[in-house]
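The values are calculated or read from the model by the stated rules, or taken from the named source; none is laboratory data. What you see is a predicted model; the values in this text were computed from it and never measured. Ligands, DNA and RNA are stripped out before the accessible areas are found, and what is left, the full protein with its side chains, is counted by its heavy atoms. Shrake-Rupley method; radii C 1.70, N 1.55, O 1.52, S 1.80 Å.
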Amino acid sequence: MKRFAFLLNFLLLIWLCGCSASPAIETLNNWSFQYNEGTDDYSVFFELRDKSGNSISADVDVDIRIVNDRDEEVFRGTRSVSPDDFGYYTSQAQGEQYLANIRIPTSEINPGADSSGKVYLTVYKADVVAFDEVNCDAFYCLPIKDIQLESGPFPIELNVKGFDGSITSKLQIDDVTYECETGYTPTLTVTISGTKTYSNNNSIFSSGYDVISYKLYDSENYMVDSGSVYLNSLNQGDKFKDESIIIYDLIPGEIYTLKFAEYEF
């Protein structure tokens with residue numbers, strides 16, 4: 001019985017020593033957010049320090065929410081962090097740091113209307129520690145919604161007029177395709193294809209180019225861009241494919257409508 005009591009006291013002593021050897025969390029530092037291109041996910045970093053200013057690891061919970069610059073909440077969740085989630089990371093600005101790294105797959109973040117925003121995190125552990133919510137920037141890295149373009153119906157035939165108002169040629173637009181580059185500035189490249197169906201080679205009032213106009217409207221029918229397409233050296237019956245319509249500063253998730261018209265001198 002004495003041996004059993006001694007064993008219990010010995011185990012209790014070990015447990016108390018283990019608890020006293022685990023430093024208390026004093027401060028939260030160096031929180032940041034980044035996109036990891038190689039693994040197509042995101043990292044939320046932060047540092048915990050004890051009273052002496054030493055970097056430590058600990059079991060904590062973290063509430064995370066991400067809000068883009070158009071005030072859309074694109075992520076909200078809670079992650080439990082263990083000492084296994086801490087490691088050494090090096091940057092040119094901060095040097096080597098001992099940080100927690102919470103990984104968030106891109107698929108868990110909702111595409112929004114802006115690629116920049118704020119990441120908010122609250123670090124806590126029941127009956128142990130609770131820090132106020134802090135935030136950091138997400139620069140041009142959040143997933144964004146696709147831009148949609150509508151046009152047609154096709155085919156569309158347009159007259160090309162000379163300086164005197166006479167018809168010098170006719171163009172038939174058969175199709176419109178587009179590609180969207182979702183980088184720092186969303187850019188839409190539009191390709192129109194069709195056929196020159198008529199040409200008056202005897203007209204002295206021709207400009208030498210077949211010119212058509214376009215206007216781009218948003219989903220509320222506001223015109224947001226306009227311009228002209230210049231086609232050169234087309235004979236009657238020639239097919240064309242032109243990708244000179246490039247539009248910048250578009251809103252992700254918006255549905256745009258592209259309309260064509262005769263060019264007015």
_Among the listed pairs K170/K241; K118/K215; K145/K241, which have their C-alpha atoms separated by more than 25 angstrom in this model?_
K118/K215; K145/K241
*To the nearest 10 square angstrom, how much accessible area does K161 have with a 1.4 angstrom probe?*
80 Å²
*In percent, what relative contact order does the chain have, based on Cα pairs under 8 Å that are 6 or more apart in sequence?*
14 percent
*Please list the non-local residues whose amide H lies under 5 Å from the amide H of E26, H modeled 1.01 Å from N, same-chain partners needing a gap of 5 or more.*
R49, D50, K51
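So between S166 and Q148, what do we pick up on full extension, going 0.36 nm a residue minus the alpha carbon distance?
Working: separation 18, 0.36 × 18 = 6.48 nm, distance 3.64 nm.
So the extension gain works out to 2.8 nm.
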*Per-residue HN-Hα couplings for segment 165-182, Karplus 6.51 cos²θ - 1.76 cosθ + 1.60 at θ = phi - 60°, whole Hz, x for Gly and Pro?*
x, 7, 7, 9, 6, 10, 10, 10, 8, 9, 6, 9, 10, 8, 10, 10, 9, 9
*For Y209, tell me the accessible area in Å² from a 1.4 Å probe, rounded to the nearest 10.*
110 Å²
*Going by alpha carbons, how many degrees (0 to 90, nearest 10) lie between the helix axis of 2-21 and the longest principal axis of the chain?*
40 degrees
